[in-house]
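Following: one structure in structure tokens, then a few remarks.
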Amino acid sequence: MAARKKVSKRANAKPAARKRRATVSVDRISVPDTGPPNRVRFDPYHGASARSVASSGSAAGQTSVYVHGIGNHPEEQVLVVRWDRALFGKDMGDRTRMAYWVNRARYPQASSCDCIDPSCPCHDPEESLRAKRVLATGEPMPELELEEAVNAITSDPAQRAFLRDVGARMIDEARNEARKQQAEQSLASSRLGARKGTYGVGSKGVGDALLRKITDLITGVALPDVQDFLFEPDHRAQMEETFLARLRSGGGPFVVVAHSQGSMIAYDVLRQLKRNDVDVRLFVTIGSPLGLPPVRAVFKKWTGDKRLPYPSCVSRWINVAAEGDVVALDPKLRDDIDLSSTGTFQDYFIDRTTRDANLLFAGNAHSSMGYLSSADVQREVYTAVGREFASSLARQIITSDLVEKMEQSPDDQRHAVMIEVTEIKEKGELSIEMGRRRIDERLREMGKRQGSDVARMKILHHARYVSAMLNRPEIELLRTESDGLQVNRVWQNARKRALICRSAHALHASPAHQAYAAHGENIEWAVLDTGVEHTHPHFDMHKNLGSLWDCTRSDHASSASIAEPSGGFVDYTSGKAVWPEGAEDFRDRSGHGTHVAGIIAGIHPYELMDDGQKLAFAGMAPKAKLHSFKVLNDRGQGQDAWILIALDKIARINENAQELRIQGINLSLGGNFDPSVYGCGHTPLCRELRRLWRQGVLIVLAAGNEGFTVLQTLQDGPWQANLDLSIGDPANLEEAIAVGSVHRVNPHTFGVSYFSSRGPTADGRRKPDLVAPGEKILSARADYARMIPPDAGEAPFAQKELEGFSAEQLYVAESGTSMAAPHVSGLLAAFLSQRREFIGYPDRVKRILLDNCTDLGRDSYAQGAGLPNLMRMLGGT
């Protein structure tokens with residue numbers, strides 16, 4: 001998917017100690033010392049004469065800036081796409097930006113879900129916190145929980161009293177909402193019972209459940225974040241800086257959409273800016289705590305006014321509140337806004353009937369998705385931005401892949417870009433040279449203004465382009481001043497990357513990487529094999545190795561506890577991999593597991609020489625995370641018991657994560673089975689694999705290499721033969737994807753590999769399910785250390801060494817269905833990274849995979865459905 005991250009490095013910093021001043025009373029509300037209000041210093045990177053990407057005189061907004069609300073959220077590149085889809089129905093690229101202010105000290109791990117399913121708990125801001133609690137029993141006790149939460153948040157008595165007041169007001173509203181829902185449910189249940197002669201469903205539990213949910217929202221999410229903003233000046237400044245950073249590079253006129261606490265952040269900034277600083281055509285506050293009297297009292301204290309000042313940089317301000325949203329306690333802000341300025345203000349109220357009819361509000365009256373998809377918000381925003389803005393044909397100056405890359409990185413990180421220069425037809429070729437010069441001069445001016453070393457920009461001129469290494473403010477500035485600088489488009493100057501040799505082209509993975517950015521990001525896959533050589537540079541760039549486990553040395557049980565593998569998760573918090581204890585002891589000395597893992601994921605950062613030409617080496621899903629389970633010893637042999645230890649561990653990892661953390665498993669292993677003892681596909685190993693499949697985990701298996709054998713005849717001696725009915729165990733499992741082998745480059749010409757096991761299964765089912773490249777596949781070699789020069793040192797290697805290695809030193813060619821299976825694993829990881837709604841539905845994924853295969857014209861018991869096509873899978877879904 002999509003994707004859109006940025007959190008200030010100071011987000012975890014402790015606020016400096018300061019002397020508290022006396023509490024003051026505003027509107028009969030005691031307001032504790034909040035420290036001095038944040039004085040906004042707005043120093044835009046652009047000149048006043050070139051602050052807009054709009055044509056001269058345009059009244060339409062050109063950039064929409066989002067400010068999210070309370071609680072944990074997914075990474076920025078995901079969150080902004082989610083807002084785009086809810087508001088505009090599509091990814092808006094460089095036309096929208098997110099002020100991302102999640103406190104990673106409180107929420108160390110971002111929410112991983114990136115779907116837009118209205119029933120998904122990732123849209124429920126308190127869900128991630130509530131999931132960590134023991135399930136509450138009995139009736140909720142909001143007042144007691146409020147007191148416990150307030151005492152845990154702060155030790156300051158005045159702050160405790162203030163937060164207690166805020167929480168009590170919200171809980172009162174929560175009780176009202178719970179009573180209303182309980183009454184509605186009682187009425188509905190009684191009617192149902194009267195019609196059908198059945199007893200009505202007890203409605204008291206419905207009200208209690210809602211009260212429990214809202215109480216968790218208030219005590220676990222809302223109050224801690226509000227305390228951060230109101231009473232921690234350093235944190236408040238950091239939050240507001242994220243919003244200012246999205247405005248400084250220009251791109252106006254702006255539409256600002258702020259949800260929940262984001263509306264407090266945006267308002268505190270905008271009230272201090274003038275129209276000459278920034279032009280906001282529409283300011284939208286949704287689910288805003290500005291409706292809470294104590295919060296309004298703080299702003300009145302900061303401004304010294306009896307009413308909230310209307311921001312002079314804003315042309316129109318709308319406030320939207322939904323019935324039952326306890327955060328937006330007062331749905332009418334108009335009476336508390338000073339409307340003496342030239343701007344206009346309007347309140348909108350979403351009643352219960354309208355709210356419940358909107359699926360994106362499902363179970364959560366404070367849902368940002370619900371607000372963004374509401375008719376009033378969409379009508380106002382579409383009016384402000386105009387039809388062209390929301391059109392798929394609207395001009396996009398910064399390409400989507402570059403936008404995504406910027407959102408994944410700190411603002412000051414530099415990106416390789418190509419700036420396409422617009423030709424002015426009346427002036428011909430000369431105008432291109434003029435444009436290049438303008439761009440060059442502006443970039444150097446910008447670099448000096450930021451105090452940067454201009455040499456780091458690495459500016460180069462080409463016939464119709466300027467290439468450079470630019471950071472986010474510099475790139476967004478080019479969009480803002482695109483007309484004056486003759487900038488037509490800013491492209492990512494990405495290195496061309498082929499995958500494992502040329503085999504991925506047969507699966508149409510290369511164009512899928514380019515067209516859909518299907519790189520396997522945020523997908524995790526288990527590799528059950530001989531282990532992985534964890535120091536191999538192929539896995540370093542994207543930190544692919546998530547954990548390393550050894551299931552071959554598990555201690556014999558001294559109790560009834562389930563056997564645990566040794567090993568653990570890889571720690572990247574320092575920026576450098578810290579391997580689990582014992583990793584050196586169970587590294588891959590066979591080479592099989594490393595080769596398989598390298599086909600699924602990983603990438604070498606530089607092209608390498610191979611047979612006189614430079615080639616790039618990357619897995620099918622270069623950014624996927626791998627979990628290595630050593631279930632085969634150094635001779636490539638293992639036991640079912642070792643595999644079961646790994647499967648149990650995978651199930652526990654998913655259960656402990658309370659989500660499908662490991663979405664798939666690759667087993668490039670197999671063996672014979674005795675059908676007189678076990679039903680086909682019903683061995684103990686198959687049963688455990690089936691259980692994981694039904695829990696939502698995809699399972700990819702090598703079909704086996706028993707398709708070719710040498711028979712000893714009585715008269716003619718050895719006789720070479722291809723065998724049907726050669727599918728082994730566990731590849732004969734129906735609830736799995738069994739993969740045969742074809743030629744890596746010319747599958748239509750050479751067909752199914754001679755060694756690839758063929759069906760049908762012993763009970764008459766078609767296997768393999770499909771085929772993938774499995775002949776002479778180049779992938780990571782485990783013994784690379786003995787191949788590289790002695791003076792190269794040890795991993796991690798410096799750039800000089802990485803560029804100097806040859807393909808032969810780091811990669812090796814191997815053949816077998818063991819190499820075919822990881823091609824499909826990587827392809828599925830890439831698919832799921834862009835179609836996350838199918839995570840947890842292996843049957844649907846398998847059907848999509850098989851329905852979009854290319855028929856090679858071979859027997860179905862040899863080729864299955866044929867060769868998978870990733871582009872077709874993505875395009876068809």
**Message:** I'd like the full set of residues that are outside any helix (DSSP H, G or I), surrounded by fewer than 20 Cβ atoms within 10 Å (Cβ to Cβ) and either charged (D, E, K, R) or in contact with a helix residue (DSSP H, G or I) (Cβ under 8 Å, 6 or more places away or on another chain) (or both), limited to the range 293-315.
**Reply:** Asp305, Lys306, Arg307, Leu308, Pro309
**Prompt:** Given the structure, is Ser558 modelled with pLDDT under 90, of a type in the set (Ser, Thr, Tyr), open to solvent by 10 Å² or more (accessible area, probe 1.4 Å) and more than 24 Å from the chain's Cα centre (by Cα)?
**Reply:** yes
**Complete:** Here the residues within the range 233-253 that are in contact with a Lys or Arg (Cβ under 6 Å, 6 or more places away or on another chain) and either in a helix (DSSP H, G or I) or at pLDDT 90 or above (or both) are Gln238, Arg246, Pro253
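Of all residues in the range 772-781, count the ones that are open to solvent by 20 Å² or more (accessible area, probe 1.4 Å) and either modelled with pLDDT under 80 or in a strand (DSSP E or B) (or both).
First, the residues of the range 772-781 that are open to solvent by 20 Å² or more (accessible area, probe 1.4 Å): 775-776, 778, 781.
Adding the requirement that they be either modelled with pLDDT under 80 or in a strand (DSSP E or B) (or both) leaves 778.
So the answer is 1.
Which is within 25 Å of Ala515 (Cβ to Cβ), out of contact with any strand residue (DSSP E or B) (no Cβ under 7 Å at 6 or more places or on another chain) and open to solvent by 50 Å² or more (accessible area, probe 1.4 Å), of Arg395, Arg438? Steps first, please.
Numbers: Arg438 fails: within 25 Å of Ala515 (Cβ to Cβ).
Among Arg395, Arg438, only Arg395 is within 25 Å of Ala515 (Cβ to Cβ), out of contact with any strand residue (DSSP E or B) (no Cβ under 7 Å at 6 or more places or on another chain) and open to solvent by 50 Å² or more (accessible area, probe 1.4 Å).
Yes/no matrix, rows are residues, columns are (1) modelled with pLDDT under 75; (2) open to solvent by 50 Å² or more (accessible area, probe 1.4 Å):
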| site | (1), (2) |
| --- | --- |
| Ser431 | no, no |
| Val454 | no, no |
| Pro473 | no, no |
| Val490 | no, no |
| Arg495 | yes, yes |
| Ser503 | yes, no |
| Ala509 | yes, no |
**Prompt:** Tyr841 passes all but one of (1) crowded, with 19+ Cβ neighbours inside 10 Å; (2) among the aromatic types (Phe, Trp, Tyr); (3) farther than 18 Å from Gly619 by Cβ; which number fails?
**Reply:** (1)
**Request:** Would you confirm whether any residue within the range 855-876 is of a type in the set (Ser, Thr, Tyr) and under 32 Å from the mean Cα position of the chain (by Cα)?
**Result:** no
**Asked** How do the pairs read when you match residues in the range 71-82 that are more than 22 Å from Pro289 (Cα to Cα) and at pLDDT 85 or above with residues anywhere that are assigned to a loop (DSSP other than H, G, I, E, B) and of a type in the set (Phe, Trp, Tyr), using Cβ under 6 Å and keeping only pairs 6 or more apart or on different chains?
**Response** Glu76/Tyr100
**Prompt:** Taking the range 782-812, which residues are closer than 20 Å to Arg587 by Cα and of a type in the set (Gly, Ala, Ser)?
**Reply:** Ala782, Ala785, Gly793, Ala795
**Asked** What about Val269, is it closer than 27 Å to Thr63 by Cα, under 29 Å from the mean Cα position of the chain (by Cα) and either β-branched (Val, Ile, Thr) or surrounded by fewer than 24 Cβ atoms within 10 Å (Cβ to Cβ) (or both)?
**Response** yes
**Message:** Any residue at all in the range 782-797 that's among the hydroxyl-bearing types (Ser, Thr, Tyr), assigned to a helix (DSSP H, G or I) and within 30 Å of Arg691 (Cα to Cα)?
**Reply:** no
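Would you be able to say whether some residue in the range 590-604 is over 16 Å from Ala518 (Cα atoms), in contact with a Cys (Cβ under 9 Å, 6 or more places away or on another chain) and open to solvent by less than 10 Å² (accessible area, probe 1.4 Å)?
Taking the range 590-604 and keeping what is over 16 Å from Ala518 (Cα atoms), we get 590-598, 604.
Still in the running and in contact with a Cys (Cβ under 9 Å, 6 or more places away or on another chain): none.
Scanning the range 590-604, I find no residue that is over 16 Å from Ala518 (Cα atoms), in contact with a Cys (Cβ under 9 Å, 6 or more places away or on another chain) and open to solvent by less than 10 Å² (accessible area, probe 1.4 Å), so the answer is no.
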**Request:** For Val134, state whether it is at pLDDT below 55, over 19 Å from Leu329 (Cα atoms), in contact with a Ser or Thr (Cβ under 9 Å, 6 or more places away or on another chain) and open to solvent by 60 Å² or more (accessible area, probe 1.4 Å).
**Result:** no
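The values are calculated or read from the model by the stated rules, or taken from the named source; none is laboratory data. All figures in this text were calculated on a predicted structure; none of them were measured in a lab. We place every Cβ from the backbone using ideal geometry, glycine too, and count neighbours over all the protein chains shown. Note: areas computed on protein heavy atoms with side chains; ligands, DNA, RNA excluded. Shrake-Rupley method; radii C 1.70, N 1.55, O 1.52, S 1.80 Å.
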